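S.K.: Supplied in structure tokens, the structure appears directly below.
The values are calculated or read from the model by the stated rules, or taken from the named source; none is laboratory data. A quick note: this is a predicted structure, and the numbers were derived from the prediction, not measured. No Cβ is skipped: glycine too gets one built from the backbone with ideal geometry, and neighbour counts run over all protein chains shown. Side chains are part of the model used for accessible areas, which takes the heavy atoms of the whole protein and leaves out ligands, DNA and RNA. Shrake-Rupley method; radii C 1.70, N 1.55, O 1.52, S 1.80 Å.
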Amino acid sequence: MLTEFFFTIRKSTRAFARAPVLSLALLFTIALGVGSNASIYGFVQGLTHPGYSLEYPNRIVSIFKQDRFRAAGPLSRNEFQLLQQPVDAFDWIEAARVTPSDITINDRSEIVTVAAVMPNLAAALKLPLGNGVVLSYRIWQSDFDGRTDAIGNHVRIDNVDYPITGVAPIELEGLYRDGPTDVWMPLQAASLKGVDGSARDLWVFAGLRPAVSTGRAEAAVHWKLGDSVAVSVIPFTGTPPRMAQGLSRIVRLLNFAAGAVFFIACINVGSLLLGRALRRSGETSLRVALGATRAKLGGELLSDSIVISLAGGALGMLLAVWSEHAIPALLFQQDAEHLVFAPQLLPIVAASLLCVSVTVLCGIVPVFATSTDRPWTVLRRESGLPSGTVQRVRTGLAVGQIAMCCMLVTCAVLVTESFHSALETASGKRLVDPILLTVQAPADPDVDTRYFAKVEQKARSTAALSQLAWAARLPGDQPTWRSFRVQPSTSNYREAALDIDWLTPETLDLIDTQPTAGRLFSLRDQARKVAVVDEEAAALLFGRETVGTFIQDPAGVPTEIIGVVRRSATSPLDRQRPTIYYNGGGPSAAPERVSRARFLVPNVSPSTQIVLNVNVVSQSYFDELGLPLIAGQEFSNRQLAGEDRVAVINQEAAALYFSRSPLGAGLIDDDGVRTAVIGVVGSHLLGAFQRQEEPTIYLPMWQDPLPRMTLILEGSKWNDRIVTDLRRGIESIPGPKVAPVVIKTLDRQLAQSGLAPLRIATLILGASASTALGLSFLGLISVQSDAERQRRRELALHMAFGAQRWHIAFAVFKRAARLASAGTLIGMSLSLAILHVVLREAAISSPPIWGWLIAALTPALAVMIAAALPAYRASIVNPVTVMGDDR
């Protein structure tokens, strides 16, 4: 029996080798069906579950708050305290606080992201915290070269030394996937008490009790916080909450795409095998007439099906492995970093078994379709081919292919257009086709701001363009961190007695002209009240943190301390008291020295160290990007006489670092330069997949211009001519060309930086639709060719009685048009059902009119193209030859 089985397998292999076109078509179809199914499910799993190694992965949930724009964010400390009260649905509820911090590691200072997490959450993330810190795998490799002796070393965070107790798992890049975490440290619940409870800076997580669903957990959270608080609960997978919400809306579409491609592949396999059976029905009937049994025929066809299924399945696995490397190559580098291939064994095995079953079923159908008691019935049919039920089945399969293709194209259009539009926030809809013009001004030594004015003038002179705003950092760019010391505003003052003197050529001989901190006077200080102090006066004020602070002189005028100087050894005794120096200009202009003047010093030290992302923008930036003013005021579009340095911060910075109102607070950088906070603006994300907005300080362009700035322009008629004219105009500006001009759209900027998951989903759906069209095209050619072959005698008779050849070709196209119409009608109806049923929970609008047209016309066009070859062959039929063959 085993010998006979191997003989049958070898015979089947030879049979397929004698029909290479059919064999390749079957192999190609099965490989695409199995391979694309495995690839899509693998990439979908990688998008939604990036592979975090959790202690109990199915029981960790993320609890987050939503604003009126449905943007996900952290909870306040008061809300967290309410949730910490016992709740039946949770084993524990804990929080994490993520902040950029200036740390010292290996005697080197750097700004990194530090995540403080509570014990149960640390255990769930497999972080061996204890009483120390855990380094990320990246920091461990870069700062310690992956050496094991890193354990036991120390890291200084906020002037506190912590021992290094471990290294985080390599797959744990951060608390959420959109922002890497460099250092993990413990967070004690007691440290959250006694501070401003309204600060929203806690990402909250919980461990579900067994058999508790996410829905029940969300109901418990609403019971604790009240229904007026917009709070959501989702499973924690490492995907940021707002991104997880967006992905949940397209995962259904991606799963449908995988199933649709597989379904079309199965239809194609069935259609090709039925076509093969139709062409061999005469041979089969003849064998029956000569005594072949149904079991014998079924065994041979089963052998054929097994051979082609195994070969196609093996090719499908190779295709899935190849796609793991091929698809990332089609993406931007930033997008490819987000693409994770996480194949699941069960879906792959299920798809392979289903494909084998379909192949086997379709392969042995001819045995049951062939009459064994009346084989002469088949032998007497036209061209020896069966008709009736089997042909109607093939027609139904072809219609099903067209309908499924129509649905896939609709889904692809839905994701690329309607879904993207539905996920845009108010900021994204406010900007209409913005163009980004990036230029670099000469800087020797200061930035020539006149260059930017000339760029504006050239941009305004270009047709169809209007100026919007300037910015140094665009949405989606990597943050630019800078550390600051904070001096909060206060009404509580203390007195300090200081001598008043003026820096003149005479007094300069009594001090060291090289300041120990800060700087001396410059031309830009003429319109402001500034001063320097000696080391003795600094000791009475704020010590090493004196530079950048404000004190009030005896007349009540605020004075900024810009530097600290050291008194020389030759200074006379009467000038060795704590002294503050003003700019004297010259000997004749300097008043006399004043002894023991009374100054008012804020009774608060600028000791708090914070880290902010710095962006330099024009005044119009906030209005054009729709960043609402929450508190205070925006800075003006030009500097006012006597105005101090000013800045605006966003709501993330205000919530993270200021327990009270930040207005009036001074931010002092590492060079001792003070900037006053005059306003707080909101943060609108341009898309649901953009990374979380960082705590940011906005500096006015006229105050801190950077050499490289970007002008955001509104272009209602974007085309190559406008780009050429704009580039030519900018390059015509006189002066050295420091860097080339870069012109691109905001959509491209976001696509390269913040919309990786959406682009990946679009690519997968587009590839699925293309694969489905290719498979359908192959199957439809087979159906049309077999139909034309069946009607060869009928067509020959028509031509013998005088029918024109174009009439014959038109008849073939007419039949194809009927198939296309039926399939398109069914496909459009099912697409509407998908929009109504599958996506009813997502805020996704229907595709535009042109999207429906593409979805309807693309499969129909494929059908008509597939009918071209059969139509041509039918039109060149020779009636004499055909009638002779049929005799």
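S.K.: For region 136-153, take each phi angle, set θ = phi - 60°, evaluate the Karplus expression 6.51 cos²θ - 1.76 cosθ + 1.60, and give the result in whole Hz per residue in order, putting x for glycine and proline.
M.R.: Whole-Hz 3J(HN,Hα) from phi for region 136-153: 5, 4, 5, 5, 4, 6, 6, 9, 10, 6, x, 7, 6, 6, 5, 5, x, 5.
S.K.: If you plug each phi of region 480-485 into the Karplus form 6.51 cos²θ - 1.76 cosθ + 1.60 with θ = phi - 60°, what whole-Hz ³J(HN,Hα) values come out, in order, with x for Gly and Pro?
M.R.: For region 480-485, the Karplus-derived couplings read 10, 8, 8, 8, 9, 9 Hz, x marking Gly and Pro.
S.K.: Kindly rank 35-42, 455-462, 860-867 from highest to lowest mean number of other beta carbons found within 10 Å of each residue. Mind dumping the intermediate values first?
M.R.: Working: 35-42: 26.2, 455-462: 16.8, 860-867: 20.1.
Highest mean packing first, the order is 35-42, 860-867, 455-462.
S.K.: Next up: Roughly how many nanometres apart are two label points built 7 Å out from the Cα toward the Cβ at residue 595 and residue 189?
M.R.: 6.2 nm
S.K.: May I pose another question? So for 109, 620, what's the accessible-area order with a 1.4 Å probe, most first?
M.R.: The most accessible residue leads, giving 109, 620.
S.K.: Further question on the same structure: Kindly flag which residue pairs out of 65/744; 126/224; 454/737 have an alpha-carbon separation exceeding 24 Å in this structure.
M.R.: 65/744; 126/224
S.K.: About the Cα centre, and with charges only on the beta carbon of Lys, Arg (+1) and Asp, Glu (-1), how big is the dipole of region 59-146? Nearest 20 debye, please.
M.R.: So the dipole magnitude of region 59-146 works out to roughly 340 debye.
S.K.: Highest first, please rank the peptides 97-107, 253-263, 725-735 by the mean number of other Cβ atoms sitting within 10 Å of their residues. Mind showing how you got there, number by number?
M.R.: Values: 97-107: 17.6, 253-263: 22.4, 725-735: 14.5.
Top to bottom by mean Cβ count within 10 Å: 253-263, 97-107, 725-735.
S.K.: What dipole magnitude, in Debye to the nearest 20, does region 511-637 give about its Cα centre under +1 on Lys/Arg Cβ and -1 on Asp/Glu Cβ?
M.R.: In total the dipole reaches around 500 debye.
S.K.: Using the Karplus equation 6.51 cos²θ - 1.76 cosθ + 1.60 (θ = phi - 60°), what ³J(HN,Hα) coupling, rounded to whole Hz, does each residue of region 397-407 give in order, writing x for Gly and Pro?
M.R.: For region 397-407, the Karplus-derived couplings read 5, 5, 4, x, 4, 4, 4, 5, 4, 4, 5 Hz, x marking Gly and Pro.
S.K.: A further question on this structure: Using packing as a proxy for protection, rank 81-91, 657-667 so that the peptide with the highest average count of other Cβ atoms within 10 Å comes first. Write out the running numbers ahead of the final one.
M.R.: Working: 81-91: 15.0, 657-667: 19.0.
Ranked from most to least packed, the peptides come out as 657-667, 81-91.
S.K.: Still on this model: Considering only 489, 533, 478, whose Cα is most displaced toward the positive end of the charge dipole of region 452-543, charges sitting on Cβ of Lys, Arg (+1) and Asp, Glu (-1)?
M.R.: Working it through, the farthest residue towards the positive pole turns out to be 478.
S.K.: Can you give the FRET efficiency for residue 608 and residue 720, using 1/(1 + (r/R0)^6), R0 = 51 Å, r = Cβ-Cβ distance, to the nearest 0.05?
M.R.: 0.50
S.K.: Decide, for region 91-244, between rounded, prolate and oblate: order the square roots of the alpha carbon gyration tensor eigenvalues as a ≥ b ≥ c, take rounded if a/c falls under 1.5, and otherwise choose prolate if a/b is larger than b/c, else oblate.
M.R.: prolate
S.K.: Provide the solvent-accessible area of residue 634, counting protein heavy atoms only and rolling a 1.4 Å probe, rounded to the nearest 10 Å².
M.R.: Rounded to the nearest 10, that gives 40 Å².
S.K.: Can you tell me the dipole magnitude for region 449-537 around its Cα centre, using point charges on the Cβ only (Lys, Arg +1; Asp, Glu -1), in Debye to the nearest 20?
M.R.: Numbers: 12 positive and 12 negative charges, 239 e Å.
With Lys and Arg at +1 and Asp and Glu at -1, about 1140 debye.
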